[in-house]
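The next block holds one structure in the form of structure tokens; read it before the comments.
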Amino acid sequence: MSGPKGAKAPGGVPEDAEQAAIRDRAFKTVRDKGFYLRQAADESDFKSVTDHAVEMLKELRTSELTPKFYYELYMEILNEMRYLENFFVAFVNSGAKSACQIYEDVQATREIVPRLYLLVTAGSVVMRLGERPNHEVLKDLVDMCKGVQHATRGLFLRNYLTISTRDKLPDASSDPAIGTVTDGYNFVLQNFGETNRLWVRLQHQHAIKSKAKRFKIRQDLRMLVGQNIDRLSRLEGVGVAEYKEVILPKILEHVTKCRDMLAQSYLMDIIIQVFPDDFHFATLVQFLEVVPTLKDRVNVRTILETLMTRLSAYVLAGREGGEERLPTDTDSFAALNDTVMRVIEERASMKLPEILQLQASLLEYCMKCYPTRLDYVNHILGMTATVIDNKLRPKPEVDEEGNPKEAEPNPDAPRAALSEDAIEHVEHLLSVPLDKLALRVLQLAQYGSLLEVLPWENRRAVAVSLTRAVIDEALPISDVEAIDKLFGLLTPLLRDPTDDEAAADSSAAMALQQAALSAEGEVSPDEDAASNFETEQLLVARIVHLLKSDEAGQLHAMYLRTRRSFGFGGVRRIQYTLVPLVFAELQLIPRLKEAEAETARLKEAAAAAKAAAEEPEEGADAGALAQAAEEAEAELAGRLAFPARKGFQFIHEIVTAMAPSYPEVALKMFLQAAVSADRLAYTDIAYEFMTQVFIIYEEMLSDSRAQVRALQTMIGTMLLCRNFAEEDFDSIVTNLAQHCATLLKKPDQCRMVSMVSHLFWTGQPDVEGAHCDGRRVLECLQRALKIADVCMASSMNVHLFVEILNCYIYYFESEVPDITDTYLSGLIELIKEHLENMEPGQARSAVQTFFANTIAHLKNKQSLPDTAAKFRNVAV
Amino acid sequence: MDLAPAGVLETSATYDFAFPDTWKEFESYYGLNVTLRYCIRVTVFRRNYQSSIEHDEEFAVQILQPSPETNPPIKMEVGIEDCLHIEFEYDHGTYHLNGCVEGRVYFLLVRIKIKYMEIAVIKRESAGSGRGAVNESETIIKYEVMDGVPVKGEIIPLRLYLKPLPLTPTFRNIGGFFSVKYYVNLVLVDEEDRRYFKQQEITMWRDELDGSSADSK
């Protein structure tokens, strides 16, 4: 409030400072009168005591104080009233007056407010001393208190009534003579009703000008109403039946009648909070019926959410203890869903984000309480999609008479865009079922339709969550249809948006633009975005490992499907997504081969059975044979047969597609495929793969380090292959050796030439499939020495010499006939010479150590009895 | 009634007397303009022209009445058009002096800002007749029965114990000379201190002797 300090607001109550002054004056009176009251009490002067009490209580007649200050005054007086009550009790016990007489006497007080405070006090005494049955006294008190209709004064008087009678309410545990639990709750209900009415009325009292301030004041006072409901919940002997038949209907009647936004919100909430959850389940329909009738400004969403949260927690807690707490006679989901639907339908003012939040809460409830009811989930999703559609569809134009101009709403009319809030909520809504359902989301027909209302970027976020859930759940995906559905939902992860799709979402458009620029190398993409992208794609890639099937053919079909979906992903995605697919297929191929054999066997068997059926041998049962033949045919027909070759073809296609963008990766995969093909003895295929490797190497690898790496893996791969025909192997190895020798850097050349030598000696001659050509090994090593010799940096060439020496030693130990001890001795001599000429320094000492270790190895060999003879002639 | 024959009274003497057949038709009453007293007068007549010695000893008469055969409630609907409309009800029309006025007020329409409501018990004494008649009203008690503004549909209880109040039975045309009547006045006061009221007569009767009222002389 504004205005000069201490001034009285025009027409309203005084301001805070002045309020405090008034309160302090009142405090003084209260203390003075309290003092005299005690004095009179000491003298057992009943008349004086009550007179002073009346004087004191007259302070509560003030209209000057706002509820906040009035409350302070009230609390001050409350202390004195406790003293007064004890005096009354003592006075009655002394035999001077009966409590009933006091009850009558105090009613002579002319002013109603003091009179009723005294009456309540006296009534409390009557009940304490048991002079009259509690239920009679309570009835009279609650009725008489109606005399105070002033909101503030009435509220506090009723509070005094509540606290004075708190421990005197008859309930199931009390003597029937003082009343039954029915009397108990009827009293509280009546007092609650009156309190509530006064509280609501406070909103319409214009002593306080600002509506907002009145609202605030009322909010501060709400406990005065709430404590009544709280008291009801704690009355012993109030069972479900009483709650359902009497208490709840009565409270709800007040809720409906008061037509006050704050009261409705607060009461609905407190009902949920104070009564036990099993009561709520028993009265769910009753309670929910009221919800749509609440005032427009009441936030029914929070009410329903609170209820659902409580109920679901209750159900879950029950399940932990092995108890099913969902009611069997009512379908709580149906009841809640109906209410939600009604609320949405009837509250035109309800904003879409609110609706979506509500739907999400309902969905959460459903997921918690009915985790198996996919139909419920589907229903919610479907309804949400419909609601969004309705809300976004432009309202049909209306002519002067209020009739729609067009009979049918135009389906092509542009729809309003979802607000950011709404988008967020839809996204949340779609994420709710993911954790629990993961793959089962695919069974929700409506999931996709709701997903489609989201802009691209948000769909992508949902897709990420879905992917994570699916991976965490780690359930196998085993049919093509599921794959299609899943990838349908994951579309935003699998490909870039089309221009239209991107246009609908500015952030997606931007992301796309940036991706395009970064692909051209013009700007470096935002690092976060890049790392997100990578994380997402790696997630998608992991899905591949969930694809499983007992039937190899089936699995292959699934991989085909997957490749098709991944194929739309563009260059940026395939490096992540296609690689695991290749490896998965490589794993599958041996099974495909087995299946192929199995199919062939079945075919034969079927043919044999058919033949047998057509020309039955003597004594055979023609019918049984025919049947067997049919069964064999049927089994054959039921199989999805993919020959293993198809598998390699699949890989070939994928890798070839990847090669231009990711030559190194493609090269490795081809090599891997080659090994696999070789193992399964498809040497022609293995050869083809190797050919592809060379093509990539020759056409696409220009970086010298990459070339070295490629050659290393190629050599390694060739070492693993066992089944190549001699001439194929030769041509590959020769090519390899040439490439090694034509590397750009001499040290690389040197090392690779020495490495390629291994391909000429893949095992002892007695091992099957081994390639042994000692002469060419020697050629390689000598060539390597020549190359090393021309390396200019002396430290480098000595190092290379020692490396080559080690190669010699290896072959010498491997019994390669062409490698003799003279070569070793010669090389050792050479190294020693070079070492002496080296500049001292770090490089030299490193080489020296390397060399010393090598020599130590040789000396060791010379000293061992097994090898001493062989190494004897090596001059170290 | 002669108590003693003429003679000389030298010591204290006690004389019994009785007025068995004297009809005390009316209750004692001490009002503003009217007093109805009973007394026993002792007169000692003296010889010659000396004045007689007289002494009055006053006593109170209270007349117990039978309870009324029927005692219907008072019900009434009053109002000011489009402004205030109430219905009030007193449980009875006749009360004994230790009784209790109980009733309730129904608010059917409230368009004024009521500050409070009270009931007042009013005693009206009228004496004399014709042109010389005197009327006097006295408010015995004002008793607040409601604080604040009720809303439509509100029912406010009324209860007033009569015992502590200085009341007499209703007297109607005593000796053709005076009457004492009682009224309950229901008053509504609005925020501008305008008063809206309706007065109803109630009849008072005595059902038991009341020591305190005799003392109150």
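Key figures
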quantity: Estimated 222 nm signal from helices in chain A, with DSSP H stretches of n ≥ 4 weighted -39500 (n - 2.57), rounded to 500; calculated: -23500 deg cm²/dmol
quantity: Solvent-accessible area of residue A:495 with every protein chain in place, 1.4 Å probe, in Å² to the nearest 10; calculated: 60 Å²
quantity: Equivalent ellipsoid semi-axes, the protein assembly as shown, via Cα gyration tensor eigenvalues times 5, rooted, Å; calculated: 112, 35, 28
quantity: Solvent accessible area, Å² - residue A:528, 1.4 Å probe, full protein context; calculated: 110 Å²
quantity: Burial order of peptide ranges A:553-559, A:842-848 (average beta-carbon count within 10 Å, highest first); calculated: A:553-559, A:842-848
quantity: For A:605-614, mean number of other protein chain Cβ atoms within 10 Å; calculated: 0
quantity: For the stretch A:461-471, Karplus couplings with θ = phi - 60° (6.51, -1.76, 1.60), whole Hz, Gly/Pro x; calculated: 4, 4, 4, 4, 4, 4, 4, 4, 4, 4, 5
quantity: 15 Å beta-carbon shell around residue A:563, net charge (K/R +1, D/E -1); calculated: +2
quantity: Cα gyration tensor shape for the stretch A:101-173, rounded if a/c is under 1.5, else prolate or oblate; calculated: oblate
quantity: Förster radius 22 Å - calculated FRET efficiency between residue B:139 and residue B:195, Cβ distance, rounded to 0.05; calculated: 0.95
quantity: Reach of residue A:33 by Cα under 18 Å, taken over aspartates and glutamates that are not fewer than 8 positions away in the same chain; calculated: A:24, A:42, A:43, A:45, A:51, A:55, A:59, A:72, A:76, A:80, A:85, A:111
quantity: Table column - 3J(HN,Hα) (Hz), the stretch B:149-157, Karplus curve with 6.51, -1.76, 1.60, x for Gly and Pro; calculated: 9, x, 9, 3, x, 6, 10, 9, x
quantity: Helix axis angle, A:46-57 relative to chain A longest principal axis, alpha carbon, degrees; calculated: 50 degrees
quantity: Nearby lysines by direct alpha-carbon distance to residue A:745 (threshold 21 angstrom, same-chain neighbours under 8 apart not counted); calculated: A:786
quantity: Residue of B:14, B:203, B:139 that the Gaussian network model of chain B assigns the largest fluctuation, springs spanning Cα pairs under 10 Å; calculated: B:14
quantity: Beta bridges per DSSP with both ends in the protein assembly as shown, % antiparallel, nearest 5; calculated: 95 percent
quantity: Relative contact order %, the stretch A:750-876, counting alpha carbon pairs below 8 Å whose residues are six or more apart; calculated: 21 percent
quantity: Net charge of neighbours whose Cβ lies under 14 Å from the Cβ of residue B:66, counting Lys and Arg as +1 and Asp and Glu as -1; calculated: -2
quantity: For residue B:94, distant residues with modelled amide H under 5 Å away; calculated: B:203
quantity: Residue order for A:303, B:80 - accessible surface, 1.4 angstrom probe, largest first; calculated: B:80, A:303
quantity: Loop sites in the stretch A:358-397: trypsin sites (Lys or Arg not before Pro), DSSP, at most 15 other Cβ within 10 Å; calculated: A:373
quantity: Loop-located GluC sites (Glu not before Pro) in the stretch B:1-105 whose Cβ has at most 15 other Cβ within 10 Å (DSSP); calculated: B:10, B:25, B:69, B:81
quantity: In sequence order, calculated HN-Hα J values of the stretch A:222-229 (Karplus, 6.51, -1.76, 1.60; Hz; x Gly/Pro); calculated: 4, 4, 4, 7, x, 5, 5, 5
quantity: Cα-based shape type of the stretch A:250-395, given that a ≥ b ≥ c are square roots of the gyration tensor eigenvalues and the cut on a/c is 1.5; calculated: oblate
quantity: 5 angstrom amide H check on residue A:326, placed H, neighbours 5+ away; calculated: none
quantity: Between helix A:774-790 and chain A: long-axis angle, C-alpha atoms, 0 to 90°, nearest 10; calculated: 70 degrees
quantity: Over 30 Å (Cα to Cα) - which of A:209/B:152; A:485/A:603; A:603/A:668; B:75/B:163 fall in this group; calculated: A:485/A:603; A:603/A:668
quantity: Sulfur and carbon atoms: percent of accessible area, the stretch A:725-876 [1.4 Å]; calculated: 53 percent
quantity: Exposure of residue A:175 as accessible area (Å², to 10), given a probe of 1.4 Å and all protein chains; calculated: 90 Å²
quantity: Qualifying GluC sites (Glu not before Pro) for the stretch A:778-844 [loop in DSSP, other Cβ within 10 Å: at most 13]; calculated: A:815
quantity: Peptide-level mean, for B:162-173, of C-beta atoms on other protein chains within 10 Å; calculated: 1
quantity: Partner lysines for residue A:211 [C-alpha distance under 17 Å; skip if fewer than 8 residues away on the same chain]; calculated: A:68
quantity: Nearest 10 degrees, 0 to 90: helix A:248-258 Cα axis against chain A principal axis; calculated: 80 degrees
quantity: Probe 1.4 Å, accessible area per residue of the protein assembly as shown, Å²; calculated: 49 Å²
quantity: Sites residue A:836 and residue A:723, calculated FRET efficiency, Cβ-Cβ separation with R0 60 Å, nearest 0.05; calculated: 0.75
quantity: Per-residue average of Cβ from other chains inside 10 Å of B:139-148; calculated: 6
quantity: 5 angstrom amide H check on residue B:108, placed H, neighbours 5+ away; calculated: B:85, B:86, B:87, B:153
quantity: Residue order for B:17, A:333, A:533 - accessible surface, 1.4 angstrom probe, largest first; calculated: B:17, A:533, A:333
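The values are calculated or read from the model by the stated rules, or taken from the named source; none is laboratory data. Computed from a predicted model, the values in this text were never measured in an experiment. No Cβ is skipped: glycine too gets one built from the backbone with ideal geometry, and neighbour counts run over all protein chains shown. All accessible areas refer to the heavy atoms of the entire protein, side chains included, with ligands and DNA or RNA removed. Shrake-Rupley method; radii C 1.70, N 1.55, O 1.52, S 1.80 Å.
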